[in-house]
Amino acid sequence: MSLPTRRTVLLVQLPIPPLGPAPIRGNVPLAAAYLKLWADSHALGSLYDIDILPAAETNCLSDRALVATLADRRPWLVGFTCYVWNIERTLWIAAELKRRLPDVRIVLGGPEITADNAWVLDTPDYDFAVIGEGEQTFAQLLLGLLGDEVPPLSVPGLYVPPAPGACRFDPSRRPPFRTPLPDLNALGSPYLAGILDAGDEQMLLLETTRGCVFKCKFCYYR
């Protein structure tokens, strides 16, 4: 089987909305950087051009300007990291991007993407949703899409919604559980790999653990 031409994958993390006119700071796309690092380390960088939309654009551009910027790059796939503070804006941008580029694939991931979040999973303008830890799921998704519209085999942690026109949120399609990585050291450092530059946001994030040992009732991200 001949492999497809290189495809552009663009990863996007929108910032916390500012409370005033001061410049937005601190929007470090660590999750996106780990996705790229893991994919590149598993030879997917030879098949895909995986880029992260720079903070200078995500932090400063308006919603419509962001849509135009994403569309101008002509991505084959766009992955959004979704948090409670950016999910509504992310879904609007995804919908507008789909309107401009109907064939673009939209992947949603991040803490706001859970198997029981019907409000998000029932929206029409995404193709895949990553539930839980994303590195392994994202890499397997890219592998599965090399020759198919959807991965031919079920991928743990990957929610594939029904075809448009049906109810998008279908609890019976809940994907198999994604077993987290046993050792975060296996990921490596996106800073040492040159994917992130601590000087950009004057901040260096160091992830030493994931999840929470507590099960507080008020915390949706437990």
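Of interest is the spacing of the C-alpha centroids, which for region 14-45 and region 111-158 amounts to 19 Å.
Full extension of the segment from residue 5 to residue 203, taken as 0.36 nm per residue of separation minus the current Cα-Cα distance, would add 67.6 nm.
Note: relative contact order over the chain, using C-alpha pairs below 8 Å and six or more positions apart, is 21 percent. Using the rule -39500 (n - 2.57) for each DSSP H run of four or more residues, divided by the residues of the chain, the 222 nm mean residue ellipticity is -7000 deg cm²/dmol. The stretch between residue 22 and residue 74 holds 15.6 nm of extra length on full extension. This uses 0.36 nm per residue minus the Cα-Cα distance. Remark: region 7-178 carries a charge dipole of roughly 160 debye about the Cα centre, counting +1 on each Lys and Arg Cβ and -1 on each Asp and Glu Cβ. Residues whose amide H lies under 5 Å from that of residue 79, counting only those 5 or more places away or on a different chain, are 10, 11, 12, 107; hydrogens are built 1.01 Å from N in the peptide plane. Each residue in 76, 119 was given a count of other beta-carbon atoms within 10 angstrom of its own, and listing them fewest first yields 119, 76.
The phi torsions of region 99-104, fed into the Karplus equation with coefficients 6.51, -1.76 and 1.60 and a -60° offset, translate into couplings of 5, 7, 10, x, 8, 5 Hz, rounded to whole numbers, with Gly and Pro shown as x. The string of couplings for region 142-151 from the Karplus curve (6.51, -1.76, 1.60, θ = phi - 60°) is 4, 5, x, 8, 4, x, 9, 6, 10, x Hz, one whole number per residue in order, with x for Gly and Pro.
Among 167, 82, sorting on how many other beta-carbon atoms sit within 10 Å of each Cβ, with the fewest leading, yields 167, 82. Amide H contacts of residue 50: 9, each under 5 Å away and 5 or more positions distant or on a separate chain (H built 1.01 Å from N in the peptide plane; Pro and chain starts excluded).
In terms of packing, defined here as the mean over residues of other Cβ atoms within 10 angstrom, the peptides 91-99, 177-185 line up highest first as 91-99, 177-185. Listed values for region 183-200 are Karplus-derived 3J(HN,Hα) couplings in whole Hz (6.51 cos²θ - 1.76 cosθ + 1.60, θ = phi - 60°), namely 9, 5, 4, 5, 6, x, 10, x, 6, 5, 7, x, 7, 10, 10, 4, x, 4, and x replaces Gly and Pro. With a cut-off of 15 Å between beta carbons, the residues surrounding residue 7 carry a summed charge of -2, where Lys and Arg count +1 and Asp and Glu -1. Placing a label point 7 Å from the Cα of residue 99 along the Cα-to-Cβ line, the residues of region 160-197 whose backbone N sits under 19 Å from it are 165. Remark: region 1-90 carries a charge dipole of roughly 80 debye about the Cα centre, counting +1 on each Lys and Arg Cβ and -1 on each Asp and Glu Cβ.
Here, each number is a calculation from the coordinates, and none is a lab measurement. Note that the coordinates shown come from a computational prediction; the quantities given were computed from them, not determined experimentally. Backbone-built Cβ (ideal geometry, glycine too); neighbour counts: all protein chains shown.
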